[in-house]
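Taking it in order: structure first as structure tokens, then the write-up.
The values are calculated or read from the model by the stated rules, or taken from the named source; none is laboratory data. Quick caveat: nothing in here was measured; it's all calculated off a predicted structure. No Cβ is skipped: glycine too gets one built from the backbone with ideal geometry, and neighbour counts run over all protein chains shown. Areas reflect the complete protein model, heavy atoms only, side chains present, ligands, DNA and RNA absent. Shrake-Rupley method; radii C 1.70, N 1.55, O 1.52, S 1.80 Å.
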Amino acid sequence: QDAVTDVLPGPSAFDHVIARVELDGRIYWLDGTRSHQTGPISERQSSGFSKGLLLGASSEDLAPLPDAASLDRVSVHETIRVADFQDAPSLESRITYFGELAEYMRQAYSTQPVDQFESQFSADYARMYNGIRRVAPLRVEEVPGRNAVRVVQNFVLQNFWAFPEERLLTGEV
């Protein structure tokens, strides 16, 4: 990472081979060892490595690589719908993973049993909402034109409403 300039060079200092590709006037940094990538080339850049050594160039200095801080990594959209205050509300969770996290999610989804993957994703909701019940199978959707994947879950929030001191109907979010 950023401290690489403070360390002596050695064969274990670099653990990735990333190609610097110039295409249509733009520079892309691509890691050919990454699997489960989708989307355009601009969505497949390696990021978060800080610096890299350009081989074959006359430069002896490390080159800056794309910064991960400015990239989308995870986007969470949760919607609670209340049709009637006498009934349990519904919760729709839409978590979108971008870049390397999307690739990790694709790999995990393709190698784990579906029920195990589903259980891992609903565990946090089960801790937050007592009596939560899944009402549809978990869905994994590709985001068109992006190296991104969205995990969609639908629940009913049993035991959501409280009526403390019989004064105010509340539900914790």
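For the stretch 103-115, how many residues meet the condition of being open to solvent by less than 40 Å² (accessible area, probe 1.4 Å) and touching a residue at least 60 places away in the same chain (Cβ under 8 Å)?
We begin by selecting, within the stretch 103-115, every residue open to solvent by less than 40 Å² (accessible area, probe 1.4 Å); these are 103, 105-106, 108.
In the following step, the residues that additionally are touching a residue at least 60 places away in the same chain (Cβ under 8 Å) were identified as 103, 106.
Here the count works out to 2.
What's the number of the condition Phe85 fails, among (1) open to solvent by 70 Å² or more (accessible area, probe 1.4 Å); (2) free of Cβ contacts under 8 Å to residues at least 40 places away in the same chain; (3) over 30 Å from Ile41 (Cα atoms)?
Here Phe85 meets the rest and fails (2).
Do we find a residue being in a helix (DSSP H, G or I) and open to solvent by less than 30 Å² (accessible area, probe 1.4 Å) anywhere in the stretch 93-102? Reasoning before the result, please.
Here is the first cut: in the stretch 93-102, the residues in a helix (DSSP H, G or I) are 99-102.
Within this subset, residues satisfying the condition of being open to solvent by less than 30 Å² (accessible area, probe 1.4 Å) are 99, 102.
Yes, the stretch 93-102 has at least one match.
What are the residues in the stretch 103-151 that are in a helix (DSSP H, G or I) and either charged (D, E, K, R) or modelled with pLDDT of 95 or more (or both), if any? Lay out the reasoning, then the answer.
Keep residues of the stretch 103-151 that are in a helix (DSSP H, G or I), which gives 103-111, 114-128.
Once the filter is applied, which keeps residues that are in a helix (DSSP H, G or I) and either charged (D, E, K, R) or modelled with pLDDT of 95 or more (or both), the stretch 103-151 yields Glu103, Arg106, Asp115, Glu118, Asp124, Arg127.
Restrict the check to the stretch 156-167 and report whether at least one residue is open to solvent by 30 Å² or more (accessible area, probe 1.4 Å), within 30 Å of Ile41 (Cβ to Cβ) and either out of contact with any helix residue (DSSP H, G or I) (no Cβ under 6 Å at 6 or more places or on another chain) or acidic (Asp, Glu) (or both). Explain how you work it out, then say what you get.
So the first thing to find is which residues in the stretch 156-167 are open to solvent by 30 Å² or more (accessible area, probe 1.4 Å), and the list is 158-159, 161-167.
Still in the list and also within 30 Å of Ile41 (Cβ to Cβ): none.
No: zero hits.
Going through Ser47, Ser70, Ser75 one at a time, which residue ends up being at pLDDT below 70, surrounded by 12 or more Cβ atoms within 10 Å (Cβ to Cβ) and either of a type in the set (D, E, K, R) or under 18 Å from the mean Cα position of the chain (by Cα) (or both)?
On the way: Ser70 fails: surrounded by 12 or more Cβ atoms within 10 Å (Cβ to Cβ); Ser75 fails: at pLDDT below 70.
Only one candidate passes the filter, namely Ser47.
Among the residues of the stretch 134-154, is any without any contact (Cβ under 8 Å) to a residue 12 or more places away in the chain, surrounded by fewer than 17 Cβ atoms within 10 Å (Cβ to Cβ) and within 26 Å of Thr38 (Cα to Cα)? Walk me through it before giving the result.
First, pick out the residues of the stretch 134-154 that are without any contact (Cβ under 8 Å) to a residue 12 or more places away in the chain: 141, 144.
From the residues that got through so far, the ones that are surrounded by fewer than 17 Cβ atoms within 10 Å (Cβ to Cβ) too are 141, 144.
Among the residues that remain, those that are also within 26 Å of Thr38 (Cα to Cα) are: 141, 144.
Scanning the stretch 134-154, I find at least one residue that is without any contact (Cβ under 8 Å) to a residue 12 or more places away in the chain, surrounded by fewer than 17 Cβ atoms within 10 Å (Cβ to Cβ) and within 26 Å of Thr38 (Cα to Cα), so the answer is yes.
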